Amino acid sequence: MKLTALRLCNFRQFYGETPEIQLATDRDRNTTIIHGNNGSGKTTILNAFTWVLYEKFTAAFAESERLVNNRAIAEAEIGTAIDTWVEVAWEHDGKRYRAKRMCRAYKQEAGVNIVNNELLYLYIGDADGKWLHPQQPPDEIIGRILPASLHQYFFFDGERIEQIVRQDKRLEIAEATKILLGVEVLNRSIRHLGEAKKTLETELAQIGDTTTKDLLRSQQQCQQEIDKLQARQAEITSEIANFQQIDREIDRYLLELTAAKATQLQRQELERAKATYQTQLSQAQTAIKQLVSTQAYTVLLADLTGDFHTIVGELRDRGELNQGISREFLSQLIHQQNCLCGTKLVPNTPAYTQIQVWLSRASIAVIEETTMRLITQVEALETKGAEFWQAIDLQQQIVATSRAEIGQLEISIDRLETQLRQDTNAEISNLQKRLDEIEIKVRDLTLTQGQNRQQIVHLEGQIQSLAKQISKQQTNQDRQSLANRRIQAARMAIEELSTMRDRQELQFRIELEQRVQRIFQTISVTPYLPKITEKYELILVETTRGIETTVAASTGENQILSLSFIGGIIDRVRDWSEQKLLAVPASNTFPIVMDSPFGSLDQLSRRQIARILPQLANQLVVLVTKTQWRDEVETEMQSKIGRQYLLTYYTSRSDVPADYLEINGHRYPLIKSSPNDFDYTEITEIESR
Amino acid sequence: MTPNLTPAVRQIIERVLQLEKDRLDRKKNSPINDDILKIIKEAIG
């Protein structure tokens, strides 16, 4: 941040608009001196800066009611507005900024009313010359350039600078130091990343367990089961085939046994008949199914056909279905003006009127045709319905007959088998018993086959549902993997940031401490040593016989300590940002605006500070009284002065003491007599030689 | 930064730092957790 200009209007002692105060910005000649006596407005100028940028005042500055210049108030008419404003211009990061804070007051009978104290206008200009009104709030933009919490280290009242290092302010300095060292940013980053990581971990827990392996295993098991069952099915089929083979052989053998021959022949015949009836039965059942699926609908049409007949009946009753005579025909007759029988059809004659009546009743040819066709079709359907029932009855008859026959045949066959079983010939009865066994076995095997089939279907269903679950798991797994990677990345980021923070804390704190120490020891002749504790507290210690004790420093020593601290901060922050080591607000250069800085210091200290500060700061604006601008200070700062200004105080007092500032052989008046009843200050530039 | 960081982690670090820098001086801060989650999810996903 490099301040470029300042302008005031009706701000405290300054009546009307001041000329624009240009500040020195050159790298070598970076110091601006503003000379003025006590009360002439030095503190006002310091507060002008802090008022615009942060709406803050230093402790020494009075309440805001007295912001508005007295003469402006006096000269204003009752009821009119008085505008008070301050404009600050600066450069930062290649952009130009202009901020203006305005305060409007209205003059009333009783006094002055301040309204609209909040107005802050900010414009940002780029290298292209355009000035733009930014989207973000001005105080945020300013805060990013130089945070409000740090401003008192760079805009300060020199006579109270030692307040910075007061006991009760140590925490403030610690916070400020952490921000300036970038430690605060790192701490917050680490903390917030940690919270985000926890959120991610919670999300992960909610995604669910990875059980894909289990599901796959279950799937495999089902498949194995199915394979086993299918193998068994195949076995059963061949077993059945075997048994049937044996069955046939036994049958044949029985035939060969003369004693059993007759019975066996009979039985075989009966079996054949039974088989025929069984085929018949199954065919009839198939036929029934077929009939129902293709023609059953015909018996459900009764209602529809009924409605149809009603409609047709109504049409007939209304005479709209006159068969044979269509409208077209009658229209043609009228057009011909001749009836078929030869009668002339002349309008208003009885014959013509008759034809017209028919015409109104005649149907349109198309409707009549369609209706005729429909009637035919509906009659056909109605017949179909009856035919359907007939066919069904026939088939059901066959079913019943077949069943009955089969029943009978089974009784007969059973009787023959019993005969064979109980035959006195052991061989025969054994063979029959064997046949009985086979029958039972085959029946059991067939049943088992049926069960297996059901089981296989069931298992296949399970495999399907497992497959669905697995693919769902896959999605979950992907989400889990993603969540895990994010958590991992967050963890690594936290680790890295912690390393950076620890390094920065240690290294930067030590480096800062060393710099502050060196500056302090250049300025002060005391044996004290500044220290920055691990808690970032700035203290002054002395080492007596190897033991460190905190010093109860004097005002002057604290002033030096404060200035050393500020100088050290500026120097180090600039250095670190150049090395790109820093996580700070981007401002790597800070200006220093100080009001009456040399008051309580002794000559030596003053000399040292005057020499060091312009070197440390990128830009310096010093507001001094004549007393403070004594030889040693002037000498040390001379080579760095870029601009100088003079605050001339116009007093309404009658006895005006003479007071001059002598610069480069010229005399400049610090006090003058006011031409009116008012006290005010004018600022003029002191031209360099 | 340590050299063996993946580009994604680097991105997260840089963006979080920038976010915190920008928020440093704000008086009222919106909850930051959502912003950080967004940074992480944009870097990896």
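A short reminder: the numbers here are calculations on the coordinates, not readings from a lab. For clarity, every value in this text was computed on a predicted model and none was experimentally measured. Backbone-built Cβ (ideal geometry, glycine too); neighbour counts: all protein chains shown.
Overview of values
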item	result
Cα-Cα separations in the protein assembly as shown greater than 53 Å, expressed as whole percent	54 percent
Projected label distance in nm at A:Arg217 and A:Ile547, using a 7 Å step from Cα toward the beta-carbon	7.1 nm
Estimated inter-spin distance, A:Gln455 and A:Glu269, nm [label 7 Å along Cα→Cβ]	4.5 nm
Footprinting exposure proxy for A:Val541, B:Val16, A:Val366, B:Val9 (fewest neighbouring C-beta atoms within 10 Å first)	A:Val366, A:Val541, B:Val9, B:Val16
Kirkwood Rh and Cα Rg combined as Rg over Rh, evaluated for segment A:536-637	1.03
Sum of side-chain charges, A:Lys42 neighbourhood, beta-carbon under 10 Å (Lys, Arg +1; Asp, Glu -1)	-2
Theoretical FRET efficiency, 1/(1+(r/R0)^6), r = Cβ-Cβ of A:Glu20 and A:Arg191, R0 51 Å, to 0.05	0.70
Residues of segment A:22-56 with amide N under 17 Å of a point placed 7 Å along Cα→Cβ from A:Ser674	A:37-42, A:44
For chain A: relative contact order, % (alpha-carbon pairs under 8 angstrom, 6 or more apart)	25 percent
Kirkwood Rh in Å, taken over all unlike Cα pairs in segment A:209-248	12.3 Å
Computed helical MRE - 222 nm, chain A, DSSP H runs ≥ 4 contributing -39500 (n - 2.57), nearest 500	-20000 deg cm²/dmol
Cα gyration tensor, segment A:52-171 - rounded (a/c under 1.5), prolate or oblate	oblate
Sparsely packed trypsin sites (Lys or Arg not before Pro) within segment A:191-241, loop by DSSP, other Cβ within 10 Å at most 11	none
Order of A:Arg144, A:Arg12, A:Arg434, A:Arg248 under a 10 Å beta carbon neighbour criterion, fewest first	A:Arg248, A:Arg434, A:Arg144, A:Arg12
log₁₀ of I(q)/I(0) at q = 0.15, 0.22, 0.24 Å⁻¹ - segment A:182-260, Debye sum with one point per alpha carbon	-0.81, -1.00, -1.05
DSSP-loop GluC sites (Glu not before Pro) across segment A:528-618, with at most 15 other Cβ within 10 angstrom	A:Glu534
Listed residue pairs exceeding 19 Å between alpha carbons, taken from A:Lys100/A:Lys640; A:Lys2/A:Lys100; A:Lys198/B:Lys41; A:Lys56/A:Lys107; A:Lys100/A:Lys178; A:Lys95/A:Lys640	A:Lys100/A:Lys640; A:Lys56/A:Lys107; A:Lys100/A:Lys178; A:Lys95/A:Lys640
Rg/Rh for segment A:249-319, where both radii come from Cα atoms and Rh is the Kirkwood radius	1.63
Under 5 Å, built H, 5+ apart or other chain: amide partners of A:Tyr645	A:Ile33, A:Ile34, A:His35, A:Ile686
Estimated FRET transfer efficiency when R0 is 45 angstrom, pair A:Thr418-A:Asp478 (beta carbons, to 0.05)	0.05
Under 5 Å, built H, 5+ apart or other chain: amide partners of A:Asp659	A:Leu670, A:Ile671
Reach of A:Lys468 by Cα under 15 Å, taken over aspartates and glutamates that are not fewer than 8 positions away in the same chain	A:Asp214, A:Glu460
Total formal charge among the other residues, if their Cβ is under 12 angstrom from that of A:Lys169, Lys/Arg +1 and Asp/Glu -1	-2
Acute angle (nearest 10 degrees) that the helix B:7-23 long axis makes with the longest principal axis of chain B, alpha-carbon atoms	20 degrees
Sorted by Cβ density within 10 Å, fewest first, the residues A:Arg318, A:Arg327	A:Arg318, A:Arg327
Rough spin-label spacing in nm, given labels placed 7 Å along Cα→Cβ, for A:Ala262 and A:Ser360	9.7 nm
Under 11 Å, Cβ to Cβ, from A:Arg630 - net charge with Lys/Arg +1 and Asp/Glu -1	-1
Within segment A:244-337, GluC sites (Glu not before Pro) in DSSP loop having at most 16 other beta-carbon neighbours inside 10 Å	A:Glu320
